[in-house]
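Here the structure comes first, spelled out in structure tokens, and everything after it is commentary.
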Amino acid sequence: MTTPNPDLASQSPITLETKFLNQVLASTPAHSHLEMCIQCGTCGGSCPSGADMDYTPRQLFALIRAGARDQVLHSRAPWFCVSCYYCMVRCPQDIHITDVMYTLKRMAVKSKMYDDSTAPDFSKTFINWVENFGRSFELGLMSQHMIKHNPFGVFKIADMGVGMVTKGRIGFTPKRIKGMDGLKAILAKAKELEARDDEAL
Amino acid sequence: MTKRYSFFPGCSLERGGAAYSYLQSTLAIAAPLNLEFVEIDDWNCCGATEYISLNRMAAYALVARNLAQAAQCDGLREMVAPCSACFLNLSKADAYLQDDRALADKVNIALAAGGLNYKPGSVTTRHLLDILVNDVGYDAIAAQVTKPLKGLRVAPYYGCLIVRPGFHDKFDDHEYPLTLDKLMKTLGAEVVDFPMKAHCCGGHMTQISEASAFEMIRRLVKGAADYNADVMVTVCPMCQLNLDAFQGAMNRYYKSDYKMPVLYFTQMLGLAFGMSASNLGIGSELVDARAALAKIGIEVPSSELPPARKSRRAKEALPMPAMPNREIEEVNG
């Protein structure tokens, strides 16, 4: 008996590249069900910022399953996710899409694969205030971020800034919580545990 | 009988925060509705959408510290969060800590470094809207209405996070919620159809990508204007900031001229209960709500500063490093 297609038979058996998929699954808290994606596209169709994404969530998930790590982590899609959870409640497979997007952001930052630093820097500035005061600080956050990423934007929103000031809606000093030492110890320990988890992947 | 809850105000609601008027109006309506809110001790930021973008374990530990603090608050098992983002982060962290044992164990190792511990599931976080419609109830609220908001056309805006994803405590529909609609009708307002009611305001996108942010803001404001709403009513500080404070910048971007006031639902309750607008923090919005409220005979005293002072400030252009004018006035006597 002859093989119908000798070309195919001579190739090595098809294996699925699952390392990257497993890393994303392991780095996402609770059970994200990412491996269950049926490529229906409900996520992209529900996304308010889908038009700004280079890949829709459905495409990203196909790339993750194909093991296309670099392509996924360079994508701007996770940075345009607005965390509205529309896709997540509509997903027929109950995939925690928003959480997967957060995981992809973290992986992109850790491996320095993001192409535009605006969003990662905004998060960093926000986190810096929280880690030093325990609370967020709107004025510090916005002014630091704009100086770095949108210096001329200050003029564009000058009237808004004046409005917020005259209406008493901007605090001028950050507030520090009492238990700052405890919070710092908690966050340091959590980061240590997270680094250990990441090494094991 | 008074109902007691622990209370998580969140950073925006603090004095000097962008949503202080939300706190003022929340506390104002609590008394007549027999609600007592006990602020949890030394709470910290919930991390918004930023902390978890760069950290996983630390983001959950950050939220869990608040849950641990709440668990020690006067034996209270239910915590109220008026901010949708705080509500989402607190309820989501608790849900995931219950679902993911390994995560909970590690978060507790981290908490122990700060002398704390949290047993997942011991504190339930609920949004203020949930408390009002389900614990207080429409009837008890209706009983307090002395000045019905008759003739005011209201677009009820829920935003995302109080209706989605709804972990262990879903209280309204994910896509077409109705609780805020019914609440506004209870106050006597005319509720307009508002298909965009559970769509996203754009969150932090004003700081990341103007094109993306302004489009999301435009859709919502246009949606409310198309149905001839006098005012949009919101349940979230981030939504209020985006729709109100960035409405002018959005108008410039699209060369449009929307003037849609955006008020908190608690302010609407207070007005219907006969409270004065200034005690509810009304007047601190950037899109003037006075014309809309004048329709139902409510006068809002101007919170604007004298014009001379205001124009001097505007010429300086850069608002960021300036001292608040009120404080300057106090110093100058």
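Give the angle, between 0 and 90 degrees and rounded to the nearest 10, that separates the Cα long axis of helix A:118-133 from the longest principal axis of the Cα atoms of chain A.
The angle comes out at about 50 degrees.
How far apart, in nm, are two points set 7 Å out from the Cα along the Cα-to-Cβ line at B:Asp139 and at B:Ala112?
Spacing of the two 7 Å Cα→Cβ label points: 5.1 nm.
Compute the FRET efficiency between A:Ile38 and A:Met180 as 1/(1 + (r/R0)^6), taking r as their Cβ-Cβ distance and R0 = 45 Å, and round to the nearest 0.05.
Values: r = 47 Å, r/R0 = 1.05.
After rounding, the FRET efficiency stands at 0.45.
How big is the charge dipole of segment A:129-177 about its Cα centre, in debye rounded to the nearest 20, if each Lys and Arg gets +1 on its Cβ and each Asp and Glu gets -1 on its Cβ? Spell out each step's value before the answer.
Values: 7 positive and 3 negative charges, 23 e Å.
In debye, rounded to 20, segment A:129-177 gives about 100.
Could you work out the helix-only [θ] at 222 nm for chain B, with each DSSP H run of four or more residues adding -39,500 (n - 2.57) and the total divided by the number of residues, to the nearest 500 deg cm²/dmol? Each step should come with its number before you reach the end.
Values: 14 runs with 130 residues, N = 333.
Calculated mean residue ellipticity at 222 nm is -11000 deg cm²/dmol.
How much of the calculated P(r) for chain B lies past 36 Å, in percent of all Cα pairs?
Details: 11767 of 55278 pairs.
In whole percent, the share of Cα-Cα pairs in chain B beyond 36 Å is 21.
Can you give me the distance in nm between label points at B:Asp226 and B:Lys147, each placed 7 Å from the Cα along the Cα-to-Cβ direction?
The two pseudo-label positions are separated by 3.3 nm.
State the percent of C-alpha pairs, over all pairs in segment A:88-201, separated by a distance greater than 21 angstrom. Before the final figure, lay out each step's value.
Working: 3725 of 6441 pairs.
For segment A:88-201, the fraction of Cα-Cα distances above 21 Å is 58 percent.
Longest exposed-loop-site-free stretch of chain B, with GluC sites (Glu not before Pro), DSSP loop and at most 12 other Cβ within 10 Å? Provide the component values of the computation, followed by the final result.
Details: sites that count: B:Glu299, B:Glu316.
Result for the longest clean stretch: B:1-298.
Which distance in Å, rounded to a whole number, links the C-alpha centroids of segment B:46-75 and segment B:262-296?
33 Å
Taking loop as defined by DSSP and a crowding limit of 16 other beta carbons within 10 Å, which trypsin sites (Lys or Arg not before Pro) in segment A:144-198 fit? Can you show the working numbers first?
Numbers: sites: A:Lys148, A:Lys156, A:Lys167, A:Arg169, A:Lys175, A:Arg176, A:Lys178, A:Lys184, A:Lys189, A:Lys191, A:Arg196; in loops: A:Lys167, A:Arg169, A:Lys175, A:Arg176, A:Lys178.
The qualifying sites are A:Lys175, A:Arg176, A:Lys178.
Report the calculated FRET efficiency for B:Ala291 and B:Ala31 (r = Cβ-Cβ distance, R0 = 30 Å), to the nearest 0.05.
It comes out at approximately 0.50.
Tell me the angle of helix A:97-110 to the major Cα principal axis of chain A, expressed in degrees between 0 and 90 and rounded to the nearest ten.
80 degrees
How high is the relative contact order of chain A, in percent, with contacts defined as C-alpha pairs under 8 Å that are six or more residues apart?
Details: 193 pairs, mean separation 35.8, N = 201.
Over chain A, the number comes to 18 percent.
Chymotrypsin sites (Phe, Trp or Tyr not before Pro), restricted to segment A:99-201: which are DSSP loop and have at most 10 other Cβ atoms within 10 Å? Spell out each step's value before the answer.
Values: sites: A:Tyr102, A:Tyr114, A:Phe122, A:Phe126, A:Trp129, A:Phe133, A:Phe137, A:Phe152, A:Phe155, A:Phe172; in loops: A:Tyr114, A:Phe137, A:Phe152, A:Phe172.
Passing sites in segment A:99-201 are A:Phe152.
Ranking B:Val38, B:Val221 by Cβ neighbours within 10 Å, fewest first, what do you get?
On the way: B:Val38 15, B:Val221 29.
Ordered from fewest to most neighbouring Cβ atoms within 10 Å, B:Val38, B:Val221 come out as B:Val38, B:Val221.
Defining a contact as two alpha carbons under 8 Å apart and six or more residues distant in sequence, what relative contact order in percent does segment A:12-110 show?
On the way: 129 pairs, mean separation 35.6, N = 99.
Over segment A:12-110, the number comes to 36 percent.
For segment B:1-35, state which trypsin sites (Lys or Arg not before Pro) are in a DSSP loop and have at most 12 other beta carbons lying within 10 Å of their beta carbon. Present the calculation step by step, with values, prior to reporting the outcome.
On the way: sites: B:Lys3, B:Arg4, B:Arg15; in loops: B:Arg15.
Answer by residue number: B:Arg15.
Given axes a ≥ b ≥ c from the Cα gyration tensor, I'd like to know whether segment B:137-236 is rounded (a/c under 1.5), prolate (a/b larger than b/c) or oblate. Each step should come with its number before you reach the end.
Values: a/c = 2.56, a/b = 1.44, b/c = 1.79.
In terms of gyration-tensor shape, oblate.
All of the numbers you see were taken from the coordinates with simple rules; none came from a lab. This structure is a prediction, so every number in the text was calculated from the model and none was measured. Every residue, glycine among them, receives a Cβ derived from its backbone with ideal geometry; neighbour counts consider all protein chains shown.
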